[in-house]
1. I'd like to know if the range 79-87 contains one or more residues that are over 20 Å from the mean Cα position of the chain (by Cα) and modelled with pLDDT under 90.
2. Select from the range 132-172 the residues that are over 20 Å from F43 (Cα atoms) and in a loop (DSSP other than H, G, I, E, B) and write down the one among them that is most open to solvent (accessible area, probe 1.4 Å).
3. Of everything in the range 74-90, what is more than 14 Å from S31 (Cβ to Cβ), part of a strand (DSSP E or B) and open to solvent by less than 80 Å² (accessible area, probe 1.4 Å)? Give them in sequence order.
4. Identify, by number, the condition in (1) closer than 20 Å to S90 by Cα; (2) modelled with pLDDT under 95 that P199 doesn't meet.
5. Going by the structure shown, is H187 of a type outside the set (F, W, Y), open to solvent by 60 Å² or more (accessible area, probe 1.4 Å), farther than 30 Å from I44 by Cα and in contact with a helix residue (DSSP H, G or I) (Cβ under 9 Å, 6 or more places away or on another chain)?
6. For the range 1-57, name all the residues that are among the acidic types (D, E) and either at pLDDT below 85 or open to solvent by 60 Å² or more (accessible area, probe 1.4 Å) (or both).
Amino acid sequence: ITALVASLGIGGVAVALALQNILGDMFASLSIALDKPFEIGDFIVVDGLPGTVEYIGIKTTRVRALSGEQIVLSNADLLRSRIRNFKRMSERRVPFQFGVLYSTPHEKVERIPEMVRAIIAQQPKTRFDRAHFKEYGDSALVFEVVYFVQDPDYNVYMDIHQAVNLALLRRFREEGIEFAYPTRTLHIASPAPADTLHPGGTS
């Protein structure tokens with residue numbers, strides 16, 4: 001009888017723990033339904049895992065990863081994580097940098113921010129923010145540019161950024177401005193004359 005009571009007690013604890021997890025996921029599912037942090041079809045990132053929400057159930061939520069596999073997430077664990085919902089994004093901030101050669105004439109360096117502004121302004125669904133000569137790099141004059149793509153779709157962003165890069169490359173070639181790349185200059189000194197190395201020697 002003692003063994004039976006002990007086994008029932010252990011079984012009861014196991015059942016209680018299982019029910020606690022199940023009830024936790026159910027309450028989390030209810031929270032998702034009421035609060036709607038994401039919906040089916042939204043593109044989200046959870047703990048570094050990106051994907052599109054395919055199913056929201058009582059216990060789990062299923063996300064289709066970019067690489068094709070399905071990720072199954074516990075609703076309770078999901079709500080304890082930081083969720084980034086890209087479907088709710090109204091516009092995308094795009095920062096990027098590039099460098100030009102130190103030998104670029106001063107007047108051309110001054111005109112580069114305006115060139116970049118004009119290129120971005122020509123693209124649809126964009127909002128130019130700024131372009132600045134940021135710093136003196138190890139082997140380049142470094143510029144930093146920021147603009148916004150007024151569309152949350154990632155493919156639209158990539159198409160626009162590709163168009164900006166191609167237009168910038170074309171304009172710089174027309175202006176004779178060269179992009180910089182990592183370089184290193186070595187100064188090799190010729191060996192000193194023998195009489196310099198040995199002042200007391202004879203010539």
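1. Yes, the range 79-87 has at least one match.
2. D138
3. N85
4. The single condition P199 does not satisfy is (1).
5. Criteria not met by H187.
6. D25, D35, E39, D47, E54, listed by residue number.
The values are calculated or read from the model by the stated rules, or taken from the named source; none is laboratory data. On a predicted model such as this, the values are computed, not experimentally measured, just so you know. Positions of Cβ are backbone-derived with ideal geometry, glycine not excepted, and every protein chain shown enters the neighbour counts. These area figures cover heavy atoms from the full protein model, side chains too; ligands, DNA and RNA do not enter into them. Shrake-Rupley method; radii C 1.70, N 1.55, O 1.52, S 1.80 Å.
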